[in-house]
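*Asks:* Have a look at this one.
The values are calculated or read from the model by the stated rules, or taken from the named source; none is laboratory data. Treat the numbers as computed from the prediction; the structure is a model and nothing was measured. Here the Cβ positions follow ideal geometry from the backbone for every residue, glycine too, while neighbour counts run over all protein chains shown.
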Amino acid sequence: MPQRTKRLPEKLYASTVSWEGWVFRVLSSANGVRWLDLHPTSLETLEGKLGVKIVPDDQQNELALAEIHAYLRGELRQFTIPVDLRGTEFQCDVWKAIAKIPYGQTTSYGELAASINRPKATRAVGQATGANPVPIIVPCHRVVGSSGGLTGFGGGLPLKERLLGLERGTLNL
């Protein structure tokens with residue numbers, strides 16, 4: 001009987017970013033940033049959630065950390081770091097559309113749905129936005145309710161408000 005080889009879990013490299021009391025975890029594969037956790041989730045918990053092996057490694061994340069820090073200082077408007085997005089075709093279409101929202105501007109879930117030629121898929125767009133694995137880099141904080149009000153954000157509404165304020169220059173750095 002042939003013997004099965006056990007497949008080892010994929011390795012991701014982790015770094016931590018602290019900013020104004022918030023703590024983010026950056027997880028990258030060899031292909032780019034895979035996950036940006038907006039909560040101080042333990043690496044063990046993230047390993048279980050993502051089914052990977054996580055190794056702390058700031059050197060592997062050097063470019064990502066530099067760009068995230070520059071963004072949080074108000075010095076970077078567009079990320080150039082590679083991302084390793086994993087999702088359905090629909091989710092990836094939504095995330096690509098979100099990435100096109102200009103710095104300092106917002107769009108609604110309905111406008112986002114229309115931009116991907118799915119005008120009736122507002123709820124599905126909302127779900128895909130909520131499943132964005134790399135918030136801030138793919139700036140889902142720029143998506144707001146149809147009335148322009150702040151709606152759900154994985155990092156919480158205070159962080160969403162702070163990020164939008166940073167981009168609009170309405171809050172002190």
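*Asks:* So which of 63, 76, 46 is part of a loop (DSSP other than H, G, I, E, B) and under 17 Å from the mean Cα position of the chain (by Cα)?
*Replies:* Every option except 76 fails the conditions.
*Asks:* Being more than 27 Å from residue 23 (Cβ to Cβ) and surrounded by 14 or more Cβ atoms within 10 Å (Cβ to Cβ), is that true of even one residue in the range 123-140?
*Replies:* Looking only at the range 123-140, we keep the residues that are more than 27 Å from residue 23 (Cβ to Cβ), and these are 123-125.
From the residues that got through so far, the ones that are surrounded by 14 or more Cβ atoms within 10 Å (Cβ to Cβ) too are 124-125.
Within the range 123-140, one or more residues are more than 27 Å from residue 23 (Cβ to Cβ) and surrounded by 14 or more Cβ atoms within 10 Å (Cβ to Cβ).
*Asks:* Could you grab me the full set of residues in the range 49-60 that are assigned to a strand (DSSP E or B) and under 26 Å from residue 129 (Cβ atoms)?
*Replies:* To start, the set of residues in the range 49-60 that are assigned to a strand (DSSP E or B) comprises 53-56.
Within the range 49-60, 54 is the sole residue that qualifies.
*Asks:* Then there is this: Does residue 159 satisfy the criteria of being surrounded by 15 or more Cβ atoms within 10 Å (Cβ to Cβ), assigned to a helix (DSSP H, G or I) and in contact with a helix residue (DSSP H, G or I) (Cβ under 8 Å, 6 or more places away or on another chain)?
*Replies:* Taking the combined requirement at face value, the residue satisfies it.
*Asks:* Can you confirm whether the range 153-164 contains a residue that is modelled with pLDDT of 90 or more and under 18 Å from residue 32 (Cα atoms)?
*Replies:* no
*Asks:* Please go through the range 94-131 and give me each residue that is touching a Cys at 6+ places or on another chain (Cβ under 7 Å) and either hydrophobic (A, V, I, L, M, F, W, C) or at pLDDT 95 or above (or both), ordered by number.
*Replies:* Within the range 94-131, the subset touching a Cys at 6+ places or on another chain (Cβ under 7 Å) is 98, 129.
Listed by number, the list holds a single entry, 98.
*Asks:* Name the residue, out of 49, 100, 96, that is farther than 29 Å from residue 119 by Cβ, without any contact (Cβ under 8 Å) to a residue 40 or more places away in the chain and out of contact with any strand residue (DSSP E or B) (no Cβ under 8 Å at 6 or more places or on another chain).
*Replies:* On the way: 100 fails: farther than 29 Å from residue 119 by Cβ; 96 fails: farther than 29 Å from residue 119 by Cβ.
After applying the criteria, what remains is 49.
*Asks:* Are there helices (runs of 4 or more DSSP H) fully within the range 81-154 with at least 3 residues that are closer than 25 Å to residue 31 by Cβ and of a type in the set (A, V, I, L, M, F, W, C)? List them. Even if it seems obvious, please write down each step before you answer.
*Replies:* On the way: elements: 89-99, 109-115, 122-130.
Counting at least 3 such residues, we get 89-99.
*Asks:* Out of 67, 62, 89, 75, report the one residue that is buried (at least 17 other Cβ atoms within 10 Å of the Cβ) and acidic (Asp, Glu).
*Replies:* On inspection, the qualifying residue turns out to be 67.
*Asks:* Can I ask one more? Cβ contacts < 9 Å: first residue over 18 Å from residue 128 (Cβ atoms), restricted to the range 142-161; second residue surrounded by 13 or more Cβ atoms within 10 Å (Cβ to Cβ) and of a type in the set (Ser, Thr, Tyr), any location; separation 6+ or different chain. Result?
*Replies:* The qualifying pairs are 147/108; 148/106; 148/108; 157/151.
*Asks:* Hey, does the range 15-38 have a residue that's out of contact with any Asp or Glu (no Cβ under 9 Å at 6 or more places or on another chain), part of a loop (DSSP other than H, G, I, E, B) and either assigned by TED's automatic domain parsing to the domain that holds residue 154 or under 16 Å from residue 137 (Cβ atoms) (or both)?
*Replies:* yes
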